[in-house]
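To start, the structure under review is shown below, and the notes come after it.
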Amino acid sequence: MEVMATALPGVLLIRPRVFGDERGFFLETFSAERYRQVAGIEQPFVQDNHSRSRRGVLRGLHFQRTRPQGKLVGVARGSVFDVAVDIDPASPTCGHHVGVELSDANHLQLWIPPGYAHGFCVLSEVADFVYKCTDYYRPDDESGLAWNCPRLGIPWPIDAPLLSAKDQGYPGLDQLLGRSR
């Protein structure tokens, strides 16, 4: 397993070991002991999620206000452009993001610690997005950040994403943080 630091504090890109031959492949997607020892991920995971979306769907940028979730994310089928955004106003990297392609071909995972906004857009015909969470999803605690906020400068690889009504209504970073520009 290879663990690579990103430009955001605590956000890690993880390349699991893949054992493959002409029959297919095997990889361990999570082991509490290994991920603790090698990646320093110590929080317990309490919920696993599986999302299927079609090409052009963009989900995010989501977070929970008072009960933030850490997420270990990956793709079981297809390809997505995955993004984590620092939304901590006290952080020197507030408003910065990390974006990476996750796919069933590269087997990469992204560890996003609690306190970041998260989203992804689907690049393949269909994508099965799987992730482990360190806290339970609470609809009454959910919030979000505008996917196309100019302050973030995220280079989304799609021009006209398919968005939920909820994702269309989230504020930009300055509005979210109560700042005027």
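Just so it is clear, none of the values below were taken in a lab; they were calculated from the coordinates. Treat the numbers as computed from the prediction; the structure is a model and nothing was measured. Heads up, the Cβs are rebuilt from the backbone with ideal geometry, glycines too, and the neighbour counts pull from every protein chain shown.
Structural remarks
- For the range 78-131, a/c is not less than 1.5, where a ≥ b ≥ c are the root eigenvalues of the C-alpha gyration tensor, and a/b tops b/c. That puts it in the prolate class.
- Rounded to whole numbers, the Karplus 3J(HN,Hα) couplings from phi for the range 35-50 are 5, 6, 5, 8, 9, x, 8, 10, 5, x, 8, 10, 8, 10, 10, 9 Hz, using 6.51 cos²θ - 1.76 cosθ + 1.60 with θ = phi - 60°, and x at Gly and Pro.
- Cα gyration tensor shape of the range 104-158, rounded if a/c is under 1.5, else prolate or oblate by comparing a/b with b/c: oblate
- The chain: relative contact order in percent, alpha carbon pairs under 8 Å with at least 6 residues between: 28
- Orientation-averaged projected area, Cα convex hull of the chain (nm²): 10.7
- Gyration tensor (alpha-carbon) shape descriptor, the range 1-91, a/c threshold 1.5: oblate
- Around G115: net Lys/Arg minus Asp/Glu count, Cβ-Cβ under 13 Å: 0
- In this label model, E142 and N106 are separated by 2.7 nm, measuring between points 7 Å along each Cα→Cβ vector.
- Derived scalar couplings ³J(HN,Hα) [the range 11-19; Karplus, 6.51 cos²θ - 1.76 cosθ + 1.60; whole Hz; x for Gly, Pro]: 7, 10, 9, 10, 10, x, 6, 10, 10
- Theoretical gain in end-to-end length, T29 to S91 [0.36 nm per residue, Cα-Cα removed]: 19.3 nm
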